[in-house]
1. Give, in nm to one decimal, the length gained when the segment between T197 and D442 is fully stretched (0.36 nm per residue of separation minus the Cα-Cα distance).
2. Could you name the lysines in cross-link range of K335, using Cα to Cα under 18 Å and dropping any fewer than eight places away on the same chain?
3. Take the chain, compute every pairwise Cα distance, and split them into 20 Å bins from 0; I just need the percent in each bin.
4. Just need log10 I(q)/I(0) for region 300-420 at q = 0.11, 0.22 Å⁻¹, Debye formula, equal scatterers on the alpha-carbon atoms, no solvent, rounded to two decimals.
5. Under 11 Å from the Cβ of H242, count the other residues' Cβ atoms, weight Lys and Arg +1, Asp and Glu -1, and hand me the total.
6. Using helices alone, I'd like the mean residue ellipticity at 222 nm for the chain: each DSSP H run of four-plus residues gives -39500 (n - 2.57), total over residue count, nearest 500.
7. Express in nm, to one decimal, how much length is gained between V29 and M1 on full extension, taking 0.36 nm for each residue of separation and deducting their alpha carbon distance.
8. Compute the projected area of the convex hull of the Cα atoms of region 25-172, averaged over all viewing directions, and report it in nm² to one decimal place.
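Each reported figure results from applying straightforward, stated rules to the coordinates on display, with no laboratory input. If you're wondering where the values come from, they're calculated on a predicted model, not measured in any experiment. All Cβ positions, glycine included, derive from the backbone under ideal geometry; neighbour counts span all protein chains shown.
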Amino acid sequence: MLEYLRSVRDRPAWQPIPDGVKRALDEPVPLGGVGPWEAYQQFVKLVLPYPLGNIHPRFWGWVTGTGTPFGVLAEMMCATLNANVTGMQSAPALVEECVVRWLAQLMGFPPDASGVLVSGGSVANLVGIGVGLHARSGMDVAAVGYVGATRRPMVYASAEAHFSIGRAARLLGLGDASLRLVPSRDGFRIDPAALVTAIHRDRDAGAHPSLIVGNAGTVRTGAFDDLSALADVAQREGLWLHVDGAFGALSTLAPGLAPLTRGMERADSLALDLHKWLHVPIDAGCVLVRDAAVHRATFAVTGSYVADLGGGLAVSTNRFTELGPQQSRSARAVKVWLSLKAHGVRAFGRMIQKNVDQAQYLAQLVASSDDLELLAPVPLNIVCFRYIRPGWPERALGDLNRRILIALHERGIAVPSHTTIGERFALRCAITNHRSAAYDFDALVRSVREIGAQLAQDDPIGAGIV
Ligand SMILES: *Cc1c(COP(=O)(O)O)cnc(C)c1O
């Protein structure tokens with residue numbers, strides 16, 4: 001595995017899975033075992049060559065971390081212990097408390113803030129929003145839920161919010177009708193004035209404004225809402241402020257980027273991912289909650305089989321199962337603890353700054369090519385751009401860029417992902433990759449222009465694709 005990591009740059013960023021491999025992976029359940037050696041051989045042949053590609057230096061799709069060699073060893077250490085971090089007396093439980101304290105400190109939360117490690121940003125958002133609604137929905141959610149609510153609890157976010165926000169509203173029993181998407185203004189940031197208007201209008205109409213979701217790094221363009229302004233609105237109007245900082249929250253580790261997250265420390269709850277810009281192996285995320293008592297009250301359950309024994313293992317120092325939906329839980333904190341210890345916070349700050357500088361470099365390459373167009377501001381690590389041909393209609397350009405992206409993937413050159421900005425199909429690079437170097441972005445730009453020119457030449461007026 002370490003040799004595989006060492007040679008990662010020599011392989012394609014991604015490669016299509018051959019039909020033979022797909023067929024081999026659609027196999028019947030093995031009633032008799034082939035033994036570990038043969039099972040391993042099959043892993044090497046069928047799985048190892050065809051991953052998503054996010055450990056590759058030219059993978060910038062969606063938002064995915066790159067992992068580290070030490071992370072591989074950390075996973076092995078955790079798997080050896082096979083720890084179950086519920087809340088009994090064990091060192092991994094103490095490590096999780098320690099990691100939560102570290103993260104609270106780094107994010108500007110008070111030392112007595114609560115927190116729990118979860119699978120990632122989606123569940124961190126679910127937990128944070130769940131706690132916020134427990135506190136501010138005007139309903140006794142634990143006792144009666146929302147059944148019989150005369151005033152619908154309302155959640156506010158900008159249209160740039162990640163889809164996990166809307167899904168949390170659904171899972172928590174509110175549904176899409178409780179999610180109010182407020183318009184953004186310049187730069188894809190929520191318009192605080194429009195937010196206040198929406199809150200007042202809903203309240204006047206008999207609803208119960210409960211919770212605001214702020215973005216610290218939106219998934220499409222890396223935009224930051226004005227979190228200080230959102231904290232002011234939340235305070236004045238009596239709403240909970242949850243911040244989705246899945247990747248962007250960690251930009252606070254880079255001294256030069258700290259202004260972006262100003263106000264984040266005033267949030268009631270904060271979601272952040274550790275498997276994105278902290279590069280611990282997938283999966284690991286964290287939710288922090290300022291008010292520890294409210295956090296616990298949201299999930300607290302009882303059972304004689306988990307009662308405090310007064311000694312031995314069954315002494316509840318911190319029952320993590322009272323802070324989230326899981327009972328059995330892996331020792332995610334241990335790999336975070338190991339990684340922060342081994343590399344130190346400053347190294348992560350430098351690496352994050354490097355990715356942000358690389359995004360600026362890519363944006364400059366785009367700006368200085370007359371056949372490329374930048375489609376959104378670049379406040380952090382995400383660059384949205386496209387290849388253009390003079391005189392081509394919008395739909396033809398959209399299709400051309402879609403075909404460029406597919407070619408980049410299928411030829412294993414690089415993995416950007418895509419989004420639409422306005423009506424425009426964008427190639428989107430989200431740079432959370434400690435293996436990328438400046439020449440990787442040179443190679444990307446060169447390939448986009450070459451492939452674009454070639455495809456356009458094959459179809460000179462875009463006629464076949466309009
Ligand atoms: C990635 C991401 C999420 C979801 O996090 P997962 O770890 O994939 O569950 C939520 N919000 C934002 C802004 C993200 O980038």
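1. That works out to 83.6 nm of additional length.
2. Of all the lysines, those that pass the test against K335 - Cα under 18 Å, at least 8 places apart if same chain - are K276.
3. 23, 51, 25, 1
4. For region 300-420 at q = 0.11, 0.22 Å⁻¹, log10 I(q)/I(0) is -0.68, -1.26.
5. Net local charge, H242 excluded: 0.
6. Result for the chain: -12500 deg cm²/dmol, rounded to the nearest 500.
7. Length gained between V29 and M1: 7.4 nm.
8. 15.3
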